[in-house]
Amino acid sequence: MAHPTQLGFQDAASPVMEELLHFHDHALMIVFLISTLVLYIIVAMVSTKLTNKYILDSQEIEIVWTVLPAVILVLIALPSLRILYLMDEINDPHLTIKAMGHQWYWSYEYTDYEDLGFDSYMIPTQDLTPGQFRLLETDHRMVVPMESPIRVLVSAEDVLHSWAVPSLGVKMDAVPGRLNQAAFIASRPGVFYGQCSEICGANHSFMPIVVEAVPLEHFENWSSLMLEDA
């Protein structure tokens, strides 16, 4: 969960998000080094009156400023491609959940169960209890077992939506008539918040997503209770 004055990302709750944070730090250090070098060159050129005829026409320096950016791009591209393939990998998911976007709420279907599904609406501000987050809490959370590969099938019934949970490193567009899929593994128990991140209408920012990761035993108890209520 993000907090006031926070400058960085939310704490990672999945292996993919940890890789994304590491790549962000890696790329940011390269940007800092390039910015420092450019700033130094600008200050040096402005502050000194000395010139060198060998610097004004030098094959060596032209080779350096051509080859060095290419090497830097490779250092950024290789880990980026690795993470792209990791995010697209779905190996033998233990649970499949279908998330459908509506104006303006989400509905979830646990396709491995026969009658386990529910709608997830935002809790109005006047109905919040102490400790709950305004515009982020829902009446039904999407409960998943921790340390298990989860596949989420994402689609929509009306307009474009986007199912996004920053802590889990998941963001997938919900397109009417199309079934997209995403995967994640919750590496620790907790409650993770997200919102529809597509401009799907006037109330798109009031479509919260709440994922609760629990131990497998607790998930089995929860699913049994939900099936009994159904």
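Using a 1.4 angstrom probe, figure out how much accessible area the chain has per residue, in square angstrom, rounded to the nearest whole. Let's see the in-between values first.
On the way: 14520 Å² over 230 residues.
Computed with neighbouring chains in place, this is 63 Å² per residue.
What does the charge add up to near Tyr108, with Lys and Arg as +1, Asp and Glu as -1, over the other residues with Cβ less than 14 Å from its Cβ?
Numbers: positive: Lys98, Arg141, Arg151; negative: Glu109, Asp112, Asp115, Asp119, Asp139, Glu157, Glu212.
Around Tyr108, the charge tally is -4.
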Positive-pole candidate from Ala44, Leu73, Asn221, dipole of the chain, charges at beta carbon: Ala44
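Leu33 to Lys171: FRET efficiency via 1/(1 + (r/R0)^6), r the Cβ-Cβ distance, R0 25 Å, to the nearest 0.05?
Result of the calculation: an efficiency of 0.30.
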Within region 12-42: backbone nitrogen closer than 16 Å to the Leu84 label point (7 Å, Cα to C-beta): 20, 23-24
Within a Gaussian network of the chain (alpha carbon springs, distance under 10 Å), most fluctuating of Arg82, Arg141, Arg151: Arg82
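In percent, what relative contact order does the chain have, based on Cα pairs under 8 Å that are 6 or more apart in sequence?
Working: 403 pairs, mean separation 48.0, N = 230.
With pairs under 8 Å counted, the relative contact order is 21 percent.
How many percent of the accessible area of the chain is carbon or sulfur, using a 1.4 Å probe?
Numbers: 8870 of 14520 Å².
Of all accessible area on the chain, carbon and sulfur atoms account for 61 percent.
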Rg and Dmax [Cα atoms of region 13-86; Å; Rg one decimal, Dmax integer]: 17.6, 56
Selected from Ser162, Ser35, Ser107 as most flexible by GNM, with the chain as the system and alpha-carbon contacts under 10 Å: Ser35
Tail fraction, Cα-Cα pairs, the chain, threshold 33 Å, whole percent: 34 percent
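Using R₀ = 22 Å, calculate the FRET efficiency as 1/(1 + (r/R₀)^6) where r is the Cβ-Cβ separation of Asp127 and His3; round to 0.05. Numbers along the way, then the final one.
Working: r = 23 Å, r/R0 = 1.07.
Computed FRET efficiency for Asp127 and His3: 0.40.
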Gained length - Ile199 relative to Glu60, 0.36 nm times residue gap less alpha-carbon distance: 45.0 nm
Chain lengthening between Glu147 and Gln181 when straightened (0.36 nm per residue, less Cα-Cα): 10.4 nm
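With +1 on each Lys and Arg Cβ and -1 on each Asp and Glu Cβ, how big is the dipole of region 63-151 about its Cα centre, in debye rounded to the nearest 20?
Details: 5 positive and 12 negative charges, 115 e Å.
In debye, rounded to 20, region 63-151 gives about 560.
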Within region 101-140: backbone nitrogen closer than 16 Å to the Phe206 label point (7 Å, Cα to C-beta): 102-106, 120-128, 134-139
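Quick one: if the Förster radius is 45 Å, what FRET efficiency do Val71 and Leu227 give, using the C-beta to C-beta distance and rounding to 0.05?
Working: r = 57 Å, r/R0 = 1.27.
Computed FRET efficiency for Val71 and Leu227 comes out at 0.20.
Around Met87, with a cut-off of 11 angstrom between Cβ atoms, what is the net charge of the other residues, counting Lys and Arg +1 and Asp and Glu -1? Spell out each step's value before the answer.
Working: positive: Arg82, Lys171; negative: Glu19, Asp88, Glu89.
Net charge in that neighbourhood comes out at -1.
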In sequence order, calculated HN-Hα J values of region 18-33 (Karplus, 6.51, -1.76, 1.60; Hz; x Gly/Pro): 4, 5, 5, 5, 4, 5, 4, 5, 4, 5, 5, 5, 5, 4, 4, 5
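The values are calculated or read from the model by the stated rules, or taken from the named source; none is laboratory data. Note that the coordinates shown come from a computational prediction; the quantities given were computed from them, not determined experimentally. A quick note on method: Cβ atoms are made from the backbone with ideal geometry, for glycine too, and the neighbour counts reach across all protein chains shown. Each accessible area value is taken on the protein alone, full model and side chains, heavy atoms only, with ligands, DNA and RNA left out. Shrake-Rupley method; radii C 1.70, N 1.55, O 1.52, S 1.80 Å.
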